[in-house]
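Input: a single structure, listed below in structure tokens.
The values are calculated or read from the model by the stated rules, or taken from the named source; none is laboratory data. All values derive from a computational prediction rather than experimental measurement. Methodologically, a virtual Cβ is constructed for each residue, glycine included, from the backbone with ideal geometry; neighbour enumeration extends over all protein chains shown. Accessible surface is based on the protein model in full, side chains and every heavy atom, while ligands, DNA and RNA are left aside. Shrake-Rupley method; radii C 1.70, N 1.55, O 1.52, S 1.80 Å.
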Amino acid sequence: MNSPGAAGKPDTNPTLTVLGFKHQLVYHLHFWSFLAVAPLVLLQWRQGHLLLASLLILFCLNAVVVIVFLRFRGHYFLKGRLFPILALICAIYSTAINGHTGLYWAYPAAAALFFLLPLREATAFNVIFLVGMSVVSFLKFPETEFWRITFSLGLTCLFVMLFAWLVGRLQMELMRLATKDPLTGCQNRSQLADELNSQIQMRERYERVCSIILIDLDYFRLVNDRWGHLAGDRVLQEVPKRILRRLRESDKIFRSGGEEFVLVLPGTRQKDAYQLARELLTSISATPFGEGIKATASASVAELGKGETWSVWLNRADIALYQCKERGRNQVVSAQILEDAQEPAPEITDESLRAQ
């Protein structure tokens, strides 16, 4: 059996990777739930519990639909809302008519919700479930058993909720480490290609323009050699702060490596990006970075061309940055605007993303 996302090349986008693992988890939970519940349909039918058998049939049908949607469309059918509704109703009703036999299914049903739904929704469903099970237990079992069932089920829900909360916090921290540059707080290189591809799609669908700016600090090694690496790190931390003061909320900044930064400016023409780049270079060079440390930067701008891939687009900007350095640095050079980028261009390399 192949679960979604199990085959093929692993995705380099952390967000899509996490989503793929979530889909695998949902896939397997529904698959094994189907195998466990399907035989109960016949059992309850033979015992004359037709309503419960019908509810279990709906549960199994929902599991099949979710599995099919995940397997062939990569889509979570109704975002899993039917699973908790049917699972909890079946568990409560089965306990009401079958006693302890139905109670056994309450614990896995309650725990499964925290792996299928967002934490708040799962908690809300479990509170409703716990109240329902408490009422049934009070009516069905002796008082001593009622308290044992209520507290044991409540503690199970609490422990699984805490576990799901901690896993969620861990996931968020891992996402941050995977997508953010630890020194500057900018998005890192792994996110750049996805953002550029997103802008290319916006260009193809809605004809929305987009430009990028490459900024590279001039002679940054001299800063490290003269004032030390700690001072160099402080400069690298301060540069994005100065840049962000001039950017819009929709603009994004990436650290592509070393002392080079990439700015993605949606809805911006190359001439406007050029003017912004000049202002950013002035902002970088105007004020020392403490202890008399002065720095300048070189920049290039490139507007997305029609039919262009992200690597060709970035490569044009990289070539313009190289030209900027040949002309003396501390200035802005515009890349050649392409009207149609159907011809193949050399692929960009790791080295071409770094300062020449």
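Residues checked against (1) under 18 Å from Ile97 (Cα atoms); (2) surrounded by fewer than 16 Cβ atoms within 10 Å (Cβ to Cβ):
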site: Val131; (1), (2): yes, yes
site: Thr144; (1), (2): no, yes
site: Ile149; (1), (2): yes, no
site: Trp165; (1), (2): no, yes
Margin query: Contact list please: Cβ distance under 6 Å, first residue in region 128-142 and free of Cβ contacts under 8 Å to residues at least 60 places away in the same chain, second residue polar (S, T, N, Q), pairs at least six apart or on different chains.
Written below: Ser134/Thr150; Val136/Thr95
Next item on the list: Would you mind finding the one in Ser54, Ser134 that is under 26 Å from Val160 (Cα atoms) and either at pLDDT 90 or above or in contact with a Lys or Arg (Cβ under 8 Å, 6 or more places away or on another chain) (or both)?
Entry: Ser134
Item checked: Of all residues in region 66-107 being open to solvent by 40 Å² or more (accessible area, probe 1.4 Å), modelled with pLDDT under 90 and more than 31 Å from the chain's Cα centre (by Cα), the one that is farthest from Tyr27 (Cα to Cα) -> His100
Next item on the list: Report, by residue number, each residue of region 298-317 that is open to solvent by 10 Å² or more (accessible area, probe 1.4 Å) and either in contact with a helix residue (DSSP H, G or I) (Cβ under 9 Å, 6 or more places away or on another chain) or under 17 Å from Arg189 (Cβ atoms) (or both).
Entry: Glu303, Lys306, Gly307, Thr309, Trp310, Asn315
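Residues of region 318-356 being open to solvent by 40 Å² or more (accessible area, probe 1.4 Å), at pLDDT 90 or above and either touching a Leu at 6+ places or on another chain (Cβ under 9 Å) or not acidic (Asp, Glu) (or both), which ones?
Ile319, Tyr322, Gln323, Arg327, Gly328, Arg329, Asn330, Gln331, Ser334
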Item checked: So Ala286, is it loosely packed, with under 15 Cβ neighbours inside 10 Å, out of contact with any Asp or Glu (no Cβ under 7 Å at 6 or more places or on another chain) and more than 21 Å from Arg208 (Cα to Cα) -> yes
Next item on the list: Could you tell me whether Leu139 is buried (at least 16 other Cβ atoms within 10 Å of the Cβ), of a type outside the set (Val, Ile, Thr) and part of a helix (DSSP H, G or I)?
Entry: no
Margin query: Being at pLDDT below 90, closer than 29 Å to Leu174 by Cα and part of a helix (DSSP H, G or I) is the requirement here; does Gln191 meet it?
Written below: yes
Next item on the list: Evaluate region 251-258: report whether one residue or more is touching a Leu at 6+ places or on another chain (Cβ under 8 Å) and among the acidic types (Asp, Glu).
Entry: yes
Checklist line | Hey, Ala63 more than 14 Å from Val136 (Cβ to Cβ), among the hydrophobic types (A, V, I, L, M, F, W, C) and open to solvent by less than 70 Å² (accessible area, probe 1.4 Å) or not | finding: yes
Margin query: Taking the condition of being open to solvent by 60 Å² or more (accessible area, probe 1.4 Å) and either assigned to a helix (DSSP H, G or I) or within 13 Å of Ile89 (Cα to Cα) (or both), how many residues in region 108-118 meet it?
Written below: 2
Next item on the list: Go through region 242-286 and count every residue that is free of Cβ contacts under 8 Å to residues at least 24 places away in the same chain and assigned to a loop (DSSP other than H, G, I, E, B).
Entry: 5
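When you scan region 299-312, do you find a residue that is in contact with a Ser or Thr (Cβ under 6 Å, 6 or more places away or on another chain) and either under 19 Å from Arg203 (Cα atoms) or at pLDDT 95 or above (or both), even just one?
Filtering region 299-312 down to residues in contact with a Ser or Thr (Cβ under 6 Å, 6 or more places away or on another chain) leaves 301, 303.
Okay, now just the ones that are also either under 19 Å from Arg203 (Cα atoms) or at pLDDT 95 or above (or both), so 301, 303.
Yes, there is a match, as at least one residue in region 299-312 is in contact with a Ser or Thr (Cβ under 6 Å, 6 or more places away or on another chain) and either under 19 Å from Arg203 (Cα atoms) or at pLDDT 95 or above (or both).
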Next item on the list: Only one of these is open to solvent by 20 Å² or more (accessible area, probe 1.4 Å), under 21 Å from Arg278 (Cβ atoms) and of a type outside the set (Ser, Thr, Tyr): Leu247, Leu183, Leu222. Name it.
Entry: Leu247
Check: Counting just the residues of region 222-275 that are small (Gly, Ala, Ser) and out of contact with any helix residue (DSSP H, G or I) (no Cβ under 7 Å at 6 or more places or on another chain), which one comes out nearest to Lys306 (Cα to Cα)?
Finding: Gly267
Next item on the list: Given the conditions (1) of a type in the set (Val, Ile, Thr); (2) touching an Asp or Glu at 6+ places or on another chain (Cβ under 9 Å); (3) modelled with pLDDT of 95 or more, report the number of the one that Val209 does not fulfil.
Entry: (3)
